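The values are calculated or read from the model by the stated rules, or taken from the named source; none is laboratory data. Just so we're clear, the structure is a prediction, and the values are computed from it rather than from any experiment. Cβ placement follows ideal geometry from the backbone for every residue including glycine, while neighbour counts extend to all protein chains displayed.
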Amino acid sequence: MPKRSRCAQQLLEYAEARLGSDNPETLARMSELAETLTHAGQLRKSALLWEQLLEKRQARWGPAHPSTLDAMTHLAWVYGNMDRFTESIGLYERFLALRTSHKSNLNKTIHMR
């Protein structure tokens, strides 16, 4: 594991030990490690982290939260680069549906005021 990945892994482990696995700061460290692994070309490990992160962010903030959508698009990109095209396209379609629905609901709320 490259030095940067080891450092990111250590930061994640420290955050999990001190703050718990579902704390927002811990989730941020998980995201940093997943991005580091992606850039290092370790796509299988990266995909596993993005899958966990997507699940945790959905549980914490809901499916249309920007942080959840961020994890979704990162995972879709990783899947695409792993030749898992069906899963990648499915996530991108889900992202677009959630994003469109969320913007529509937000616009209705703003216009009602």
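Quick check on segment 1-30: of everything there that is in contact with a Ser or Thr (Cβ under 7 Å, 6 or more places away or on another chain) and loosely packed, with under 15 Cβ neighbours inside 10 Å, which residue is modelled with the lowest pLDDT?
4
Pairs under 8 Å by beta carbon, first residue touching a residue at least 12 places away in the same chain (Cβ under 8 Å) in segment 48-67, partner surrounded by fewer than 16 Cβ atoms within 10 Å (Cβ to Cβ) and of a type in the set (A, V, I, L, M, F, W, C), six or more apart or different chains?
67/61
Among 55, 51, 87, 93, which is within 30 Å of residue 2 (Cβ to Cβ), out of contact with any helix residue (DSSP H, G or I) (no Cβ under 7 Å at 6 or more places or on another chain) and either part of a helix (DSSP H, G or I) or of a type in the set (Gly, Ala, Ser) (or both)?
Details: 51 fails: out of contact with any helix residue (DSSP H, G or I) (no Cβ under 7 Å at 6 or more places or on another chain); 87 fails: out of contact with any helix residue (DSSP H, G or I) (no Cβ under 7 Å at 6 or more places or on another chain); 93 fails: within 30 Å of residue 2 (Cβ to Cβ).
Going through 55, 51, 87, 93 in turn, the sole match is 55.
With loosely packed, with under 12 Cβ neighbours inside 10 Å, among the hydroxyl-bearing types (Ser, Thr, Tyr) and either at pLDDT below 95 or not in a loop (DSSP other than H, G, I, E, B) (or both) as the only criterion, which of 73, 100 stands out? Lay out the reasoning, then the answer.
Details: 73 fails: loosely packed, with under 12 Cβ neighbours inside 10 Å.
So the residue among 73, 100 that is loosely packed, with under 12 Cβ neighbours inside 10 Å, among the hydroxyl-bearing types (Ser, Thr, Tyr) and either at pLDDT below 95 or not in a loop (DSSP other than H, G, I, E, B) (or both) is 100.
Mind telling me which of the residues 68, 36 ends up being over 30 Å from residue 101 (Cβ atoms), surrounded by 15 or more Cβ atoms within 10 Å (Cβ to Cβ) and under 16 Å from the mean Cα position of the chain (by Cα)? If you could, list the steps in order and put the result at the bottom.
Values: 68 fails: over 30 Å from residue 101 (Cβ atoms).
Only one candidate passes the filter, namely 36.
Suppose the filter is under 27 Å from residue 62 (Cβ atoms) and either in a helix (DSSP H, G or I) or not acidic (Asp, Glu) (or both); does residue 18 pass it? Walk me through it before giving the result.
Details: under 27 Å from residue 62 (Cβ atoms): yes; either in a helix (DSSP H, G or I) or not acidic (Asp, Glu) (or both): yes.
Yes, satisfied.
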